[in-house]
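Report on the structure given below.
The values are calculated or read from the model by the stated rules, or taken from the named source; none is laboratory data. Quick caveat: nothing in here was measured; it's all calculated off a predicted structure. For neighbour counting, all protein chains shown are included, and Cβ atoms are generated from backbone atoms with ideal geometry for every residue, glycine included.
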Amino acid sequence: MSGISQSMIAKIESGNIQPSYLVVDKILTVLDSLENKNTKKCKDIMTKKVISIDLNKKVEDASKIMRELSISQIPVMDGSLIVGVVSENILLDKLSSNVSSEDLMKMRVCEVMENVLPMVGLDNSVNSIIELVKENSAVIVMDKEKIKGIISKTDLL
């Protein structure tokens, strides 16, 4: 695949010759392409149906959706723009800060949401997003400014 003969590769491996930069570059280029060819991409593991909620809806609506669909976070939308996220952790933090559950459920989503989830491209490798997902509840998969999917910790596992 690299255009380097098998005998040349055997000589390099045995230490009989020192390859030129161009030869090494050709070999590494082929090895990189083979590695990336077998690497899963975000588009391969993402959940395509992204459940979202409008920023003016009540927290009660978000909580109901999360319970019914067994999801742990919901991107918050303002029209077609993602403006934040509501997650189980956010709601639990609010409850532990002396906000009653009744008061929390009456609040609007925009009052409790946190920053937008990180956004990645369809062709990002799964390995490249592991740390992002560990630090956040999920990542949004985008293509040309359009939401194409979401990847949560469960999707990675």
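For the stretch 94-130, filtering for residues that are in contact with a strand residue (DSSP E or B) (Cβ under 8 Å, 6 or more places away or on another chain), charged (D, E, K, R) and over 29 Å from Lys144 (Cα atoms) leaves 2. The condition of being farther than 22 Å from Ile147 by Cα, out of contact with any helix residue (DSSP H, G or I) (no Cβ under 6 Å at 6 or more places or on another chain) and crowded, with 16+ Cβ neighbours inside 10 Å holds for only one of Leu91, Leu28, that being Leu91. Scanning the stretch 111-153 for residues that are under 20 Å from Lys64 (Cβ atoms) and either surrounded by 16 or more Cβ atoms within 10 Å (Cβ to Cβ) or touching a residue at least 60 places away in the same chain (Cβ under 8 Å) (or both) gives Val112, Met113, Glu114, Ser137, Ala138, Ile150, Ser152. Of the strands (runs of 3 or more DSSP E) entirely within the stretch 50-126, those holding at least 3 residues that are among the hydrophobic types (A, V, I, L, M, F, W, C) occupy 73-78, 81-87.
Restricting attention to the stretch 127-157, the residues that are over 8 Å from the mean Cα position of the chain (by Cα), over 16 Å from Ile82 (Cα atoms) and not in a helix (DSSP H, G or I) total 1.
Within the stretch 1-18, residues that are closer than 23 Å to Ser33 by Cα and assigned by TED's automatic domain parsing to the domain that holds Val30 reach partners that are loosely packed, with under 10 Cβ neighbours inside 10 Å and polar (S, T, N, Q) with beta carbons closer than 9 Å, at six or more positions or on different chains, in the pairs Ala10/Asn16; Ile12/Gln18. In the stretch 86-108, the condition of being under 14 Å from Ile51 (Cα atoms) and modelled with pLDDT of 90 or more is met by at least one residue. When the residues of the stretch 58-81 are filtered to those that are surrounded by fewer than 18 Cβ atoms within 10 Å (Cβ to Cβ) and in contact with a strand residue (DSSP E or B) (Cβ under 7 Å, 6 or more places away or on another chain), the one that is farthest from Arg108 (Cα to Cα) is Ser72.
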